[in-house]
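Quick notes on the structure that follows.
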Amino acid sequence: MSNPGTPTFEQLRIFLAVVDTGSFAAAGRRLHRAVSVISYGIGNLEAQLGVLLFDRDGTRKPQLTDAGRAVLAEARTVAQGIDGLRAKVKGLLDGLEAEVNLAVDVMLPTQRLGEVLRAFAIAFPTVTLRLHVEALGAVTALVLDKTAVLGISGPLNAGLAEIDAMVAGAVPMVPVAAPDHPLGRLSIIPPGAGRDYVQLVLTDRSPLTEGRDFAVMSARTWRLADLGAKHALLREGIGWGNMPLPVIEPDLISGALVRLVMPEYHGGQYRFSAIWRRDFPPGPAASWLREQFVARAREDSDVTALGDV
């Protein structure tokens with residue numbers, strides 16, 4: 001019985017590039033290598049392991065063999081481990097950042113954001129902060145393209161292999177309307193009534209959320225990229241919509257808005273995560289920010305009657 005050899009990380013990197021891009025030529029473009037180098041690397045890897053990784057017969061696109069699929073999971077684990085190692089060393093070598101780019105979801109309560117950033121200014125007076133406030137998938141997009149080193153994102157980053165995340169709290173989202181809106185005047189809202197009126201919907205231009213809707217019930221929608229504009233239009237009675245409870249709580253108390261008790265939808269928990277690229281880790285100041293958001297999230301009370309948005 002023969003034992004497999006030990007592949008190099010470069011061979012595994014070539015293997016993963018072929019799988020992710022779908023061809024030897026595309027892998028070469030990604031890695032800035034000639035196709036012959038890619039082919040040679042795969043051949044050497046197969047020789048080292050003693051198995052065929054790709055079925056090259058009868059198709060232009062290399063197809064993973066059963067052995068290739070088994071090796072793929074282990075290769076990704078090794079690659080992620082190397083990324084983690086490099087990330088730790090980079091943090092040690094870089095020292096304190098001169099500037100931190102932070103992207104936060106517009107749903108994040110402004111009081112919490114203010115508390116954290118005020119403490120940050122005291123703890124790191126020499127570090128410049130650049131703040132991006134975005135909606136939906138735009139926060140994750142800024143982290144993915146390395147515009148922001150840290151993001152406080154809504155529940156839209158799951159399943160992205162490049163992203164690491166930590167739980168960072170939640171905010172209740174509730175349906176509201178102005179008291180003179182037709183829905184606001186109803187003491188009992190019949191099932192499906194929300195579909196008959198304009199729903200104000202927060203949206204963004206990120207490709208991560210393109211074509212996706214969240215808690216949208218009406219076929220008649222006005223789409224806005226600004227939460228403040230949505231708030232103002234709700235107060236004007238132009239439509240109904242879901243809003244973070246901390247934002248509209250003063251309006252509920254004053255009567256400027258009323259909470260809608262809809263039979264099919266009572267609202268939901270909009271959950272936050274602190275996110276960063278695995279290969280682009282936060283430095284000391286950004287890590288401090290991350291820990292502050294995570295620590296304050298422990299104060300959030302979970303509204304068990306509400307599911308997740």
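Data overview
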item	result
Neighbours by Cβ (under 6 Å, 6+ apart or cross-chain): first from segment 265-284, more than 20 Å from VAL104 (Cβ to Cβ); second among the hydrophobic types (A, V, I, L, M, F, W, C)	GLY267/MET173; GLY267/VAL174; GLY267/LEU306
Residue match in segment 240-250 (condition: surrounded by 22 or more Cβ atoms within 10 Å (Cβ to Cβ), of a type in the set (Gly, Ala, Ser), modelled with pLDDT of 90 or more and not in a helix (DSSP H, G or I))	yes
From VAL171, VAL149, residue being under 21 Å from MET217 (Cβ atoms), in contact (Cβ under 8 Å) with a residue 60 or more places away in the chain and not small (Gly, Ala, Ser)	VAL171
Candidate set: segment 39-68, residues that are charged (D, E, K, R), in a loop (DSSP other than H, G, I, E, B) and free of Cβ contacts under 8 Å to residues at least 24 places away in the same chain; chosen: the one nearest to ALA17 (Cα to Cα)	ARG56
Single match in GLY151, GLY184, GLY169 (criterion: under 21 Å from GLU249 (Cα atoms) and part of a strand (DSSP E or B))	GLY169
Subset of segment 121-136 [of a type in the set (Val, Ile, Thr), assigned to a strand (DSSP E or B) and over 17 Å from PRO109 (Cβ atoms)]	THR128
Identity of the residue in segment 31-51, crowded, with 16+ Cβ neighbours inside 10 Å and not hydrophobic (A, V, I, L, M, F, W, C), that ends up farthest from LEU64 (Cα to Cα)	ARG33
Scope segment 272-300; condition among the charged types (D, E, K, R) and either part of a strand (DSSP E or B) or closer than 14 Å to LEU129 by Cβ (or both); matching residues	ARG277, ARG290
Residue among LEU306, LEU260, LEU289 that is modelled with pLDDT under 80 and not hydroxyl-bearing (Ser, Thr, Tyr)	LEU306
Extreme residue, surrounded by the fewest Cβ atoms within 10 Å (Cβ to Cβ), among residues of segment 152-168 that are modelled with pLDDT of 90 or more and under 27 Å from LEU233 (Cβ atoms)	ILE152
Qualifying residues in segment 1-28 (those that are in contact with a Lys or Arg (Cβ under 9 Å, 6 or more places away or on another chain) and in a loop (DSSP other than H, G, I, E, B)) - the one nearest to ILE42 (Cα to Cα)	SER23
Checklist (1) among the hydrophobic types (A, V, I, L, M, F, W, C); (2) closer than 23 Å to ASP83 by Cα; (3) crowded, with 16+ Cβ neighbours inside 10 Å applied to PHE54, failing item	(2)
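The values are calculated or read from the model by the stated rules, or taken from the named source; none is laboratory data. Since the structure is predicted, the reported quantities are computational estimates derived from the model, not experimental observations. All Cβ positions, even for glycine, are placed from backbone atoms using ideal geometry, and neighbour counts span all protein chains on display.
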